[in-house]
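Remarks on the structure that follows.
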Amino acid sequence: MVKQVDSTLNQIRSIADYQFGRGIGEKLFPEDVEVAYSPTTKRIRYVNLGGKRLATLRPTDSLFSLSIFAAERLVEEKAPLRCFVVVRDEVKKFIAEGSDVFAAHVVRVDDVRSKDEVLVIDENNHVLAVGRALLCGAEMQFFKVGVAVKVRHGCDNNG
């Protein structure tokens, strides 16, 4: 079931603003997005644009999981996000294929908290993957061992 309502658009934009920073909702979700609802619960489930998945609203915490398509849109918009993790160029091939990000490979990170949805980019600002932070930003830069980001989709593995 797909339908578009102004209050629904405001709701998904508000969630994105809360999760990623003020103004992100409008950049991520333009007027012509399609919202798909769960047939059983009638709650928002997916947000698509032009037939491509932008985000999934997680039922467990009512926050978004982003697709590679959404991450690329946000990087193109030069959106002032607080969810970037920049990794060394020498590991970008592995991250793009879906490997997790290790703390030793993190070059720079924004104000990320553990369990935040993050965009993994290389040093040239290209999207490599999307996933969930396992460490906060300070820990990612301080630690030299351990997984920093659990990658959900790499750009080379159908994200």
At the level of C-alpha centres, the distance separating region 29-62 and region 138-156, in angstrom, is 27 Å
Listed by chain and number, the aspartates and glutamates with an alpha carbon less than 15 angstrom from that of LYS115, same-chain partners under 8 positions apart left out, are ASP61, ASP100, GLU139
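Could you tell me the calculated FRET efficiency between THR60 and ASP89, based on Cβ-Cβ distance and R0 = 25 angstrom, to the nearest 0.05?
Details: r = 34 Å, r/R0 = 1.38.
Step by step, r from the Cβ atoms, then E = 0.15.
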Of GLY51, GLY23, GLY98, the most mobile residue in a GNM of the chain (C-alpha springs, cutoff 10 Å) is GLY51
In whole angstrom, largest first, the equivalent ellipsoid semi-axes that the Cα gyration tensor gives for region 82-154 are 15, 12, 11
If every Lys and Arg gets +1 and every Asp and Glu gets -1 at its Cβ, then about the Cα centre region 24-63 yields a dipole, in debye to the nearest 20, of 240 debye
Among GluC sites (Glu not before Pro) in region 1-55, those in a DSSP loop whose Cβ has at most 14 other Cβ atoms within 10 Å are GLU31
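Roughly how big is region 82-154's charge dipole about its Cα centre, with Cβ charges of +1 (Lys, Arg) and -1 (Asp, Glu), in debye to the nearest 20?
On the way: 11 positive and 11 negative charges, 38 e Å.
Using only the charged Cβ atoms, the result is roughly 180 debye.
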For LYS42, the lysines lying under 17 Å Cα to Cα, once residues fewer than eight places off in the same chain are dropped, come out as LYS3
Here, GluC sites (Glu not before Pro) of region 98-159 satisfying both criteria (DSSP loop; at most 13 other Cβ within 10 Å) are GLU123
For LYS93, counting only lysines whose alpha-carbon sits under 21 Å away and dropping same-chain residues fewer than eight positions off, the answer is LYS144, LYS150
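With all distinct Cα pairs included, what does the Kirkwood hydrodynamic radius of the chain come out to in Å, to one decimal, could you say?
Values: mean 1/r = 0.0633 Å⁻¹.
When all Cα pairs of the chain are included, the Kirkwood radius is 15.8 Å.
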Given the candidates VAL85, LEU135, THR40, the one whose Cα lies deepest towards the positive end of the charge dipole of the chain, counting +1 at each Lys or Arg C-beta and -1 at each Asp or Glu C-beta, is THR40
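First measure r as the distance between the Cβ atoms of VAL107 and LYS144, then evaluate 1/(1 + (r/R0)^6) with R0 = 22 Å and state the FRET efficiency to the nearest 0.05. The partial results should precede the final answer.
Details: r = 13 Å, r/R0 = 0.61.
Calculated transfer efficiency: 0.95.
Any read-out appearing in this document is the output of simple, stated calculations on the displayed coordinates, not a laboratory observation. What you see is a predicted model; the values in this text were computed from it and never measured. Note that we place each Cβ from the backbone using ideal geometry, even for glycine, and neighbour counts take in every protein chain shown.
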